[in-house]
Amino acid sequence: MDRAIIHVDMDAFYASIEQRDNPQLRGKPVIVGGVGKRSVVCTASYEARKYGVHSAMPIESARRLCPHGVFLPVDIDRYKKESAKILNILRRYSNIIEPLSIDEAFLDVTGGNPIYIAENIKSDIRNELKLTASVGISINKFLAKLASDVKKPDGLTVIKKEDIVDFLKPLPVSKLWGVGPKMERELNKLGIYYIEDVQKYDVDILIEKFGKRGKELFEFSYGRDNRPLEIHITNQSIGEEETFISDTNDMEFLCNKLREYSVNLSNRLVRKGFLIRTVTVKVKYSDFTVETRSITLNIPTYDHNVIYETSKQLLTTKFNIIKDIRLIGLSLSNLIYPQDPRQLSLNI
């Protein structure tokens, strides 16, 4: 029996909550994100997207594109409460759920009627929360996520098994799972611009060029994806690091780098709706030796100030910086989705 996977993706989640709760914002370009110059857009309403504003864009760029937009700070606690309500709705229809972020999730509904379930999920979210969701249905996670993006907002798309290859052919290669701008450029150099190009390409050459990832790209191009739903996400991590042009032991410079990383990673956590518990600083010295030091927090956080102060404490107290440094990095791990039962009693 083929699996039946549903991907539920809330439409402009943060902005839609703001518009729902403040009628004066309905129909206006609403842009939710950080308030600092280094901050990024977390969510833009569909009215704002008409001006080219999109998530992960620097706030300053969004202001230039849409100067008359309504710019609002992130109210993550309020959004997490709505996310918890959505997760409770999803639990009515499956006990196999993978929250992908604060505003999207996979459900395994194998053995049920996926279209009926999807219609009921959309109806429950609309009636109970006054929000809309776009839903994709197919035989695996990759295809279900692709499907949910076809008819936004408030869409429902099914990719049937017999239609998979033809559905994928005309799509840009960037639609393959895990293909970001860097990978896309590498594929373009090989003359690969569309998924159909991957389907026709020699898989051995892809493996020679990209290793295991090349084989995965080929499998995805035919819609083959056997990954199970992952209920736990605490083993994931995010991070940033930089190798300097000149080695240094200037503590002010190094701390400024950690501050920069902290802001960037905090923005990523907010966009995805995750908290973290473990902060790790990595140092590579001029002689190429590497040291790492970590602290696990008692209370999970997404706050860039907490992350920075923790990383600064590690750098200044846990490393013996005598040699010059050629690289410093910051990584955040032990990621926790807020609906984890362990978080319910925390005032975050």
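Of the residues making up region 25-54, those that are within 22 Å of Glu260 (Cβ to Cβ) and buried (at least 18 other Cβ atoms within 10 Å of the Cβ) are Gly33, Gly34, Ser39, Val40, Val41, Cys42.
When restricted to residues that are in contact with a Cys (Cβ under 7 Å, 6 or more places away or on another chain) and either touching a residue at least 40 places away in the same chain (Cβ under 8 Å) or among the aromatic types (Phe, Trp, Tyr) (or both), region 32-67 contains 4. Just one of (1) among the polar types (S, T, N, Q); (2) under 16 Å from Gly178 (Cα atoms); (3) touching a Lys or Arg at 6+ places or on another chain (Cβ under 6 Å) fails for Asn226. It is (3).
Residues in region 110-126 that are crowded, with 21+ Cβ neighbours inside 10 Å and closer than 16 Å to Met1 by Cβ: Pro114 only. Filtering region 238-253 to residues that are over 27 Å from Val41 (Cα atoms), in contact with a strand residue (DSSP E or B) (Cβ under 7 Å, 6 or more places away or on another chain) and of a type outside the set (Val, Ile, Thr) leaves Phe244, Asp247, Asn249.
Looking only at region 127-149, which residues are in a helix (DSSP H, G or I), in contact (Cβ under 8 Å) with a residue 24 or more places away in the chain and over 14 Å from Ile6 (Cα atoms)?
Listed by number, the residues that qualify are Glu128, Leu129.
Pairs, please: C-beta under 7 Å, at least 6 apart or cross-chain, first residue free of Cβ contacts under 8 Å to residues at least 60 places away in the same chain and under 15 Å from Ile102 (Cβ atoms) and in region 4-15, second surrounded by 24 or more Cβ atoms within 10 Å (Cβ to Cβ) and polar (S, T, N, Q)? Once the first residue is free of Cβ contacts under 8 Å to residues at least 60 places away in the same chain and under 15 Å from Ile102 (Cβ atoms) and sits in region 4-15, its partners that are surrounded by 24 or more Cβ atoms within 10 Å (Cβ to Cβ) and polar (S, T, N, Q) give Ala15/Thr43; Ala15/Ser45. When region 150-197 is limited to residues that are of a type in the set (Ser, Thr, Tyr) and not in a loop (DSSP other than H, G, I, E, B), the one that is modelled with the lowest pLDDT turns out to be Ser174.
Listed here are the residues, each with its yes/no results for (1) of a type in the set (A, V, I, L, M); (2) touching a Ser or Thr at 6+ places or on another chain (Cβ under 6 Å).
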| position | (1), (2) |
| --- | --- |
| Val35 | yes, no |
| Ile59 | yes, yes |
| Leu65 | yes, no |
| Asp75 | no, no |
| Ser94 | no, no |
| Glu104 | no, no |
| Asn127 | no, no |
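Considering region 1-92, the qualifying strands (runs of 3 or more DSSP E), each wholly inside and each with 1 or more residues that are of a type in the set (A, V, I, L, M, F, W, C) and under 23 Å from Ala105 (Cβ atoms), run over 5-10, 30-33, 41-44. For region 1-16, taking the residues that are in contact with a strand residue (DSSP E or B) (Cβ under 9 Å, 6 or more places away or on another chain) and of a type in the set (A, V, I, L, M, F, W, C), the one that is nearest to Val135 (Cα to Cα) is identified as Val8. Out of curiosity, is Lys80 closer than 29 Å to Ser262 by Cβ, among the basic types (Lys, Arg) and crowded, with 16+ Cβ neighbours inside 10 Å? Yes.
The values are calculated or read from the model by the stated rules, or taken from the named source; none is laboratory data. Quantities reported herein were computed from a predicted structural model and do not represent experimental measurements. Note that each Cβ is placed from the backbone with ideal geometry, even for glycine, and that neighbours are counted across all protein chains shown.
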